[in-house]
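The values are calculated or read from the model by the stated rules, or taken from the named source; none is laboratory data. All of these numbers come straight from a predicted model, not from anything done at the bench. Cβ: placed from backbone, ideal geometry, glycine included. Neighbour counts: every protein chain shown.
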Amino acid sequence: MSCDLWRDWLDAYMDESCTPEEAAGIEDHLRSCPSCAADALARMQMKRATRAAAARYVPSPEFRLRIESSIQKTHKPFWKIVWVQGLAACAVALLLIAVSVSLWTRHSSREQALAELLDLHVATTASANPVDVISTDRHTVKPWFQGKLPFAFNLPELDNSSFKLLGGKLIYYRHSPGAQLLFDLRKHELSVFIFEDQPGVTPPGAGVATTREKGFSVETWSEAGLRYAVFSDAGPADVHALGDLLRAAGRQ
Amino acid sequence: MPLFARLYNFACWLTEDRAAAEDLVQETYVKALKGFSSFRQDTNFRAWMYRILRNTFLTSQAGLKASAFVSLDSDEAPAEPATTETPESFLLARGDQEAIQKALEALPMHFREIVLLCDLEEMSYQEIGATLGIPIGTVMSRLSRARRAMRALLAAGVQGGSQ
């Protein structure tokens, strides 16, 4: 390439607007061509001198004050609006993150609690001695828990339903005592866990929540300071029906 | 106020009159405030402000007068005087601020503004393109011609001064 063509690139090189490959090509040429090197040096010095010479006019303090006051009279400084908008966007983003983390933590805590209770249900149904008090009579099972639990609960009358009480046992879940009641419905077994409602211990949630957990139907709710959880491989409607019976008994 | 002093300096170079430059800067801020809702966050704020100032100038009486002498699309037309400049002559002029200021004043407005945006404001070619509303290829060719014209003016000044 001739020097004339290289010189066409000198401005872009000086203004740092070349690609690294183009800059490397120009630098190679400048190393071997004293004439172009002198031209490049002169252009750089010229650019530097222009920068110094062109910074010629300085606004007076009075003019600055006049502009500032005229702007403040009618408008909020718009460069501040840029910042305010940016800050607002950051605040919203942080809030969303905080809410997401909180919801995720809450969701994760609930999932973990349900998984642990499901393990207890499965272990109970797999056991040769699933319950400590074996009785279909609620007036036998409920008194059995007297003195064993720091709370009391009501059991529903099941004479007119398909559910059958099989018995109950005392369990400890996360260092808190609770009752596990076992019911039968058409050969399906249903566990009802009852604990004192303690945040961080019992599965969190609001109202009656019916979900599926690894193929099992699960229903949880709180009532009168107690937290209930029903687990079964029966359908969600059956689990909900037992839940309704227990809720009705709890209100008596 | 961001860019205030720089906008004022640029306005002085465009208008060649301090009082007119003050009016131009004031009008620029008023327009920026009014049009702030149209400013997109992902665009270049500096280029946006300079563009407002330049467009305001171009529609003013002084701007219309300045642009009447030379069309902004005249990049293909030869604008610089014939010269016998050499790199040495630029070196002779480099320390002479007054000579450079005179050369800048003597440049046509569309050459002067591009030299100021590049050399003083250190805008990238992309920013200059956004400010002047021209493609990067035109930025490069106009800048090259503007600098050549300036070198020619300086060389003529040096030769004239030494005679």
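In segment A:117-136, the count of residues that are under 24 Å from A:Ser222 (Cβ atoms), among the small types (Gly, Ala, Ser) and in contact (Cβ under 8 Å) with a residue 12 or more places away in the chain is zero. If only residues of segment B:113-149 that are in a loop (DSSP other than H, G, I, E, B) and touching a residue at least 40 places away in the same chain (Cβ under 8 Å) are counted, the one that is farthest from the chain's Cα centre (by Cα) is B:Gly133.
Do we have any residue at all in segment B:32-44 that's at pLDDT 85 or above, on the phi < 0 side of the Ramachandran plot and acidic (Asp, Glu)? No, segment B:32-44 contains no residue that is at pLDDT 85 or above, on the phi < 0 side of the Ramachandran plot and acidic (Asp, Glu). Only one of the numbered conditions (1) surrounded by 16 or more Cβ atoms within 10 Å (Cβ to Cβ); (2) modelled with pLDDT under 90 is violated by A:Glu116, and that is (1).
Yes/no matrix, rows are residues, columns are (1) at pLDDT 90 or above; (2) loosely packed, with under 13 Cβ neighbours inside 10 Å; (3) under 20 Å from the mean Cα position of the chain (by Cα); (4) more than 11 Å from every other protein chain (Cβ to nearest Cβ):
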site	(1), (2), (3), (4)
B:Ile52	yes, no, yes, yes
B:Ser71	no, yes, yes, yes
B:Ala77	no, yes, yes, yes
B:Glu80	no, no, yes, yes
B:Glu85	no, no, no, no
B:Ile100	yes, no, yes, no
B:Pro108	yes, no, yes, yes
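If you take the residues of segment A:163-194 that are modelled with pLDDT under 90 and farther than 15 Å from A:Thr125 by Cβ, which of them is surrounded by the most Cβ atoms within 10 Å (Cβ to Cβ)? The selected residue is A:Tyr173. Among the conditions (1) modelled with pLDDT under 90; (2) farther than 28 Å from A:Ser109 by Cβ, the only one that A:Gly205 does not satisfy is (2).
Considering only residues that are charged (D, E, K, R) and either within 9 Å of another protein chain (Cβ to nearest Cβ) or touching a Ser or Thr at 6+ places or on another chain (Cβ under 6 Å) (or both), which ones fall in segment A:18-66? Don't jump to the end; show me each part of the working.
Pass one, segment A:18-66, residues charged (D, E, K, R): A:21-22, A:27-28, A:31, A:39, A:43, A:47-48, A:51, A:56, A:62, A:64, A:66.
Scanning segment A:18-66 gives A:Asp39, A:Arg43, A:Lys47, A:Arg48, A:Arg51, A:Arg56, A:Arg64, A:Arg66.
What do you reckon, is B:Gly133 closer than 17 Å to B:Trp48 by Cβ, more than 9 Å from chain A (Cβ to nearest Cβ) and surrounded by fewer than 18 Cβ atoms within 10 Å (Cβ to Cβ)?
Details: closer than 17 Å to B:Trp48 by Cβ: yes; more than 9 Å from chain A (Cβ to nearest Cβ): yes; surrounded by fewer than 18 Cβ atoms within 10 Å (Cβ to Cβ): yes.
Taking the combined requirement at face value, the residue satisfies it.
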